[in-house]
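Step one of this worksheet: look at the structure below.
The values are calculated or read from the model by the stated rules, or taken from the named source; none is laboratory data. Given the structure is predicted, the values throughout are model-derived calculations rather than measurements. Backbone-built Cβ (ideal geometry, glycine too); neighbour counts: all protein chains shown. Remember, those area values only see protein heavy atoms, side chains included, never the ligands or the DNA or RNA. Shrake-Rupley method; radii C 1.70, N 1.55, O 1.52, S 1.80 Å.
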Amino acid sequence: MSLPNRVRPTAQIASVDWNVSPPRWEALLMACREATYFHTNLWLEALEQGLGAQLARTKLTFTDGNWALLPLCLHRFAGGYLPLAIAGETGVYGALVSPRGLEEHALTEAFERVRQRYRSARVWDNPFARSEVVPRTASHWQPLSQSTHWLPLAPPEQMWAAFSRGCKARCNKARRLGVRVTWQTDAAAVAIFDRLYRESIQRWGPRLTWERPAAFFQAVVSRGDGNAQVAIAWREATPVAAMIFLHHGEGVHYLAGASATQEREAAPANALLEAALARYWRAGARYLDLGPSQGLEGVRQFKSSFGAQERAFSGWETIRPATRAFLALRYGLGRLHHRSGGS
């Protein structure tokens, strides 16, 4: 007589620590190969200092000994009555990371624990993870989709060969006009970036979805331990464009960029990005993430001209109706503010 097939028991969540200490968090993160800069204490402390964010460094431990980390940024709107937890604050990646990876049931259970605690939550996945498991979270969670632009790094001569003809022409033009690039981490560099950013905001107008405060950029660079760099393009003694890059492990992430309106014809953004590709290849990075284009065709074309490829990634959210209505009103007022010329 044959025995019936036994169903292998699946691991359950044994415990959840919603407030891992920063030193312990950093030690655990070293075991997670798929962690990004946006999982590190450098980034989380910048959110705390620059945005006044409340953080929850969350560790979920499973009965099979595996565990996962999830960095959450907490919002409490309407006097605290409308809580919202976000993994991937400011449009970057949050994602659960684990030393062994997570099976579907474990990921689903982790999502449910977050929902039960915060009621409204949004989690963005990591597009550079080696494998992506999609949780089956029934009707509580709705799928989100986004795409970023990424460049696998290679020696400069190989990267140059992948540039479009127009991109090569703009890079050469920047050289002819004497555009030079410096790399800095001091407060003066952040001040230069912020001046260019405020000028660019006026040009972007209603296309801007969210304005970052000067304190945020200062916190990111000052706490970056040298891994957050401001690249500045100069014409003679005048800064004409700037970008902020974040380096962690194999990846480099473009955080933000801005340029002087009257100097855009000198192609300083091309000079900055070309310099970044060479710099980070030499530093051992293997890809540069240029981030989403927010539906702006000109931005997409600029990134594609360097050979960047679009790469899809997922997100999930569970938002209570009252919180969703509040966020829609907040976003609409922000767009109206920029449309009317505010800053």
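Quick one: of the DSSP bridges fully inside the stretch 20-146, what percent are antiparallel, nearest 5? Intermediate values should be presented prior to the final figure.
Details: 14 of 17 bridges.
Beta bridges within the stretch 20-146, antiparallel portion: roughly 80 percent.
Each Lys and Arg contributes +1 and each Asp and Glu -1, all at the Cβ; summed about the Cα centre of the stretch 11-151, the dipole is approximately 240 debye. For the pair Arg100 and Gln301 in one chain, pulling the backbone fully straight at 0.36 nm per residue adds 68.6 nm over the alpha carbon distance.
Sequence-ordered 3J(HN,Hα) estimates for the stretch 52-63 from the Karplus curve with 6.51, -1.76 and 1.60 and θ = phi - 60° stand at x, 6, 9, 10, 10, 7, 9, 10, 10, 10, 9, 5 Hz, glycine and proline given as x. Of the Cα atoms belonging to the stretch 61-113, the radius of gyration and Dmax stand at 13.4, 40 Å.
Sorted from largest to smallest, which semi-axis lengths in Å does the alpha carbon gyration tensor of the stretch 185-307 give for its equivalent ellipsoid, taking the root of 5 times each eigenvalue? The partial results should precede the final answer.
Working: eigenvalues 82, 64, 47 Å².
In descending order the semi-axes read 20, 18, 15 Å.
With every protein chain left in place, what is the accessible area of Phe163 in Å² (1.4 Å probe, nearest 10)? Number for this one is 10 Å². Taking label positions 7 Å along the Cα-Cβ direction at both Thr261 and Trp18, the computed distance is 4.7 nm, reported to one decimal. Remark on the stretch 18-138: ratio of C-alpha radius of gyration to 2.2 N^0.38 Å is 1.01. Residues whose amide H lies under 5 Å from that of Gly224, counting only those 5 or more places away or on a different chain, are absent; hydrogens are built 1.01 Å from N in the peptide plane. The dipole here belongs to the stretch 172-228: it is taken about the Cα centre, uses +1 on the Cβ of Lys and Arg and -1 on the Cβ of Asp and Glu, and is about 420 debye. Sorted from greatest to least, the principal axis extents spanned by the alpha carbons of the stretch 30-80 come out as 40, 23, 11 Å. Taking 0.36 nm per residue of separation and subtracting the current Cα-Cα distance, fully stretching the chain between Arg282 and Glu199 would add 26.6 nm. Amide hydrogen proximity for Ala95: with H placed 1.01 Å from N in the peptide plane, the residues at 5 or more positions away or on another chain lying under 5 Å are Trp124.
Using Cα pairs under 8 angstrom and six or more residues apart, how large is the relative contact order of the stretch 184-300, in percent?
Values: 158 pairs, mean separation 28.5, N = 117.
In percent, rounded to a whole number, it is 24.
Overall shape of the stretch 182-237 was characterised from the C-alpha gyration tensor. The equivalent ellipsoid obtained from it has semi-axes of 21, 16, 8 Å, in decreasing order. For Phe313, the amide hydrogen comes within under 5 Å of the amide hydrogens of Gln146, Ser147, Thr148, counting only partners 5 or more places away or on other chains and with H modelled in the peptide plane. Considering only Phe193, Phe245, Thr58, the residue lying farthest towards the positive end of the dipole of the chain is Phe193, judged by Cα position with unit charges set on Cβ. Taking each residue as 0.36 nm, the span from Gln49 to Glu211 lengthens on full extension beyond its C-alpha to C-alpha distance by 56.7 nm.
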